[in-house]
Amino acid sequence: MNSRLLITGAAGFIGSQVAREALAQGFNITIYDLLTYAGHWANIDDIVDNDHCRFVRGDIGDFNRVLATLRDQKIEGIINLAAESHVDNSINGPKPFVQTNIVGTFTLLEATREFLKQTNSEFRFLHVSTDEVFGALEDSRYFTEETAYAPNSPYSASKAASDHFVRAWHHTYGLNTIVTNCSNNYGPRQFPEKLIPRMLVNALLGEPLPVYGKGLNVRDWIHVADHARGILLAFRNGTPGQSYCFGGRSERKNIDVVNAICSTLDRLRPLGNGSSYKKLITYVTDRPGHDWRYAIDDAKAERQLGFKREYTNFESGLEQTINWYLDNSEWLAKIQGQTNSNGKAEKKGRPL
């Protein structure tokens, strides 16, 4: 079933893990990625072999490029992870989020619909979203598939819109679509603008560890490997027109995550003068519209898809992640230098 997959955004953090998991499960995949600042050849150079895994550089907003790829590669299913995803960037400049997350998803859906005029109806389109589309939670509640959308940032609003397009293309045009929503991901190959890798890199450089407000905002953390397995489960076994949530059941205050990173580094890479990395923690002005808490109840995925987490302890998963970064300094140097697929250095995005 659906053995030839197109995975968009698969040179990114979550996408590259989904690509690895799909290959491990026997899929033939085509990675479709524009290699912008958060997507890197270094994330996929070890799996692209032109036999079971091919690479096409392209924009999901390019209708003709997408359609040609679907036809050339005889694609039987799509997993869409291509997105602009950093909240701070969306606040500073929302236009790319509208272009990629909304217009890009629309274009991908329309190219798929055109392609399906000449192929089978078993084709599946899985769209990966976020828990941020649901807005902020009070202390005792959880997001589920039934939670009403209430996005509070330009990023989450753009993802909410894309989710609605995917749902509408199922109900209006009969496209076999599935939407997944996840909590905060962590693990290897995450671009160092997100909380965990940014704090880790800054700590190793001896630079300040900026924490918004008092660091009391709460997030639920899921290891990227567990999330990738969940996505493939939803793709294989999910019901078209349905959505599935994936969480880590590992709620932590942001400041507790930062302290855990510091404590782990104190053991694994001690400063040598008896001091702790915690001395680098700096509290900064909170960002606008900072949601208080996210947490997911993924009982539906457990019940209907058989979803199970392998990383049930956040602290051990965090230590494994930190060890990966410490052992892969070459990878970090590549993405900080923005080496592209031709081996040429490119300077894009923000410096750390």
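Contact map, the stretch 163-185: residues that are buried (at least 23 other Cβ atoms within 10 Å of the Cβ) paired with residues that are of a type in the set (D, E) and part of a loop (DSSP other than H, G, I, E, B), Cβ distance under 8 Å, separation 6+ or inter-chain. Pairs shown: N181/E145. From the list I335, I322, the lone residue that is under 21 Å from the mean Cα position of the chain (by Cα), aliphatic (A, V, I, L, M), open to solvent by less than 70 Å² (accessible area, probe 1.4 Å) and modelled with pLDDT of 95 or more is I322.
Could you please give the count of residues in the stretch 271-306 that are closer than 19 Å to K253 by Cβ and of a type in the set (S, T, N, Q)? Working first, answer last.
Of all residues in the stretch 271-306, those closer than 19 Å to K253 by Cβ come to 276-278, 280-287, 289-296.
From what is left, the residues that are of a type in the set (S, T, N, Q) are 276, 282, 285.
Qualifying residue count, the stretch 271-306: 3.
For the stretch 76-111, give me the residue count where each residue is out of contact with any helix residue (DSSP H, G or I) (no Cβ under 7 Å at 6 or more places or on another chain) and open to solvent by less than 10 Å² (accessible area, probe 1.4 Å). The number of residues fulfilling the criteria is 1. The C-beta contact set for the stretch 282-305 (first residue free of Cβ contacts under 8 Å to residues at least 60 places away in the same chain and under 28 Å from I231 (Cβ atoms), second residue open to solvent by 50 Å² or more (accessible area, probe 1.4 Å) and part of a loop (DSSP other than H, G, I, E, B), distance under 6 angstrom, 6+ apart or interchain) is empty.
Filter the stretch 121-130 for residues that are over 26 Å from G247 (Cα atoms) and open to solvent by 10 Å² or more (accessible area, probe 1.4 Å); which is modelled with the highest pLDDT?
Taking the stretch 121-130 and keeping what is over 26 Å from G247 (Cα atoms), we get 121-123.
If we keep only those that are open to solvent by 10 Å² or more (accessible area, probe 1.4 Å) too, we end up with 121-122.
On the way: S121: 69, E122: 84.
Among residues in the stretch 121-130 that are over 26 Å from G247 (Cα atoms) and open to solvent by 10 Å² or more (accessible area, probe 1.4 Å), the one modelled with the highest pLDDT is E122.
Kindly check whether there is at least one residue in the stretch 51-58 that is open to solvent by 10 Å² or more (accessible area, probe 1.4 Å), of a type outside the set (S, T, N, Q) and under 16 Å from the mean Cα position of the chain (by Cα). No - not one qualifying residue is present in the stretch 51-58. Screening the candidates Q118, Q73 for the property of being loosely packed, with under 15 Cβ neighbours inside 10 Å and farther than 18 Å from H170 by Cβ yields one hit, Q118.
Of all the residues that make up the stretch 129-159, how many are among the charged types (D, E, K, R) and assigned to a loop (DSSP other than H, G, I, E, B)? Don't jump to the end; show me each part of the working.
Filtering the stretch 129-159 down to residues among the charged types (D, E, K, R) leaves 131-132, 138-139, 141, 145-146, 159.
The next check asks that each one be assigned to a loop (DSSP other than H, G, I, E, B); those that pass are 138-139, 141, 145-146.
Final tally of qualifying residues: 5.
What residue, among those in the stretch 191-224 that are open to solvent by less than 10 Å² (accessible area, probe 1.4 Å) and of a type in the set (G, A, S), is farthest from P270 (Cα to Cα)? Taking the candidates together, the pick is G215.
Among the residues of the stretch 250-266, the one identified as small (G, A, S) and within 14 Å of V218 (Cα to Cα) is S250.
Within the stretch 61-103, if we keep just the residues that are over 26 Å from A234 (Cβ atoms) and under 16 Å from the mean Cα position of the chain (by Cα), the residue that is modelled with the lowest pLDDT turns out to be D88.
If we keep just the residues of the stretch 179-213 that are among the hydrophobic types (A, V, I, L, M, F, W, C) and assigned to a strand (DSSP E or B), which is farthest from I281 (Cα to Cα)?
Taking the stretch 179-213 as the starting set, the residues that turn out to be among the hydrophobic types (A, V, I, L, M, F, W, C) are 179, 182, 191, 195-196, 199-201, 203-205, 209, 211.
Those left that are additionally assigned to a strand (DSSP E or B): 179, 182, 209, 211.
Values: V179: 37, C182: 28, L209: 5, V211: 7 Å.
The qualifying residue farthest from I281 (Cα to Cα) is V179.
The values are calculated or read from the model by the stated rules, or taken from the named source; none is laboratory data. All figures in this text were calculated on a predicted structure; none of them were measured in a lab. Heads up, the Cβs are rebuilt from the backbone with ideal geometry, glycines too, and the neighbour counts pull from every protein chain shown. We work out accessible area using only protein heavy atoms, side chains counted, and drop any ligands, DNA or RNA first. Shrake-Rupley method; radii C 1.70, N 1.55, O 1.52, S 1.80 Å.
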